[in-house]
Amino acid sequence: MASPVAQLGQPQWTLALSTVEHHTPIVGTASRTLTWQGEEDTRAFAERLAGHPAIADAFIALHGDLGAGKTTLVRHLLRALGAQGRIKSPTYAVAEPYELPGLAAWHFDFYRFDDPREWEDAGFRDLFAGPGLKLAEWPEKAAALLPPADLDIHIAVLDDERRRVTVVANTPRGRELLA
């Protein structure tokens, strides 16, 4: 509530603001670090993301060494969203489209991405500007061309089974997904 504050004979107003829990912050990032004990934890994380309405138009950037589990996470997420059939890494095709129940999704793998002209020629600008879920492995290879990711997911190998996962929300949508 606003209340007057007298200072040197001039009334001033102060406004007490409170945070409403169901509203996402306007600025800043939020992060969470997790340890996945095995693939079951990866699947559970993917299912939690899939159950969130904000996933429909999210851009999720996946970071990690070869074999860290980026594609495994994508497979579990797409399955949780209703994908049928084979889900493969788009390493050579760069992008694989998926028509899922109620939403379109694209899985990008920029590992072999070398030429920025490919970006325009392939129509990636339009895909990233349009609706749908975008999942990008090796986003640093196309970093200058990509919009800011809603979520950056960094996967680090701890041993054969365990992974340290840092999830960074960069946007209000990302913070909503992280909540």
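Things worth noting here:
- Residue match in region 129-143 (condition: over 25 Å from Leu81 (Cα atoms) and in contact with a Pro (Cβ under 9 Å, 6 or more places away or on another chain)): yes
- Pick from region 131-146, criterion part of a helix (DSSP H, G or I) and free of Cβ contacts under 8 Å to residues at least 40 places away in the same chain, ranking: surrounded by the most Cβ atoms within 10 Å (Cβ to Cβ): Ala142
- When residues of region 52-111 are limited to those that are open to solvent by less than 20 Å² (accessible area, probe 1.4 Å), among the aliphatic types (A, V, I, L, M) and in contact with a Gly (Cβ under 7 Å, 6 or more places away or on another chain), the one nearest to Arg173 (Cα to Cα): Ala105
- Filtered residues of region 50-89 (kept if in a loop (DSSP other than H, G, I, E, B) and touching a helix residue (DSSP H, G or I) at 6+ places or on another chain (Cβ under 9 Å)): Gly51, His52, Ala58, Gly64, Gly69, Leu81, Gly82, Ala83, Ile87, Lys88, Ser89
- Evaluation of Arg173 against (1) basic (Lys, Arg); (2) part of a helix (DSSP H, G or I); (3) surrounded by fewer than 18 Cβ atoms within 10 Å (Cβ to Cβ) (one fails), failing number: (3)
- Hey, Phe128 within 25 Å of Arg163 (Cβ to Cβ) and surrounded by 16 or more Cβ atoms within 10 Å (Cβ to Cβ) or not: no
- Scan region 147-164 for residues that are of a type outside the set (D, E, K, R) and part of a loop (DSSP other than H, G, I, E, B) and the total you get is 4.
The values are calculated or read from the model by the stated rules, or taken from the named source; none is laboratory data. From a predicted model like this one, the values you see are computed outputs, not experimental measurements. Please note: Cβ atoms are built from the backbone with ideal geometry, for glycine as well, and neighbour counts cover all protein chains shown. The protein model used for the area step is the full one, side chains on, heavy atoms only, and it has no ligands, DNA or RNA in it. Shrake-Rupley method; radii C 1.70, N 1.55, O 1.52, S 1.80 Å.
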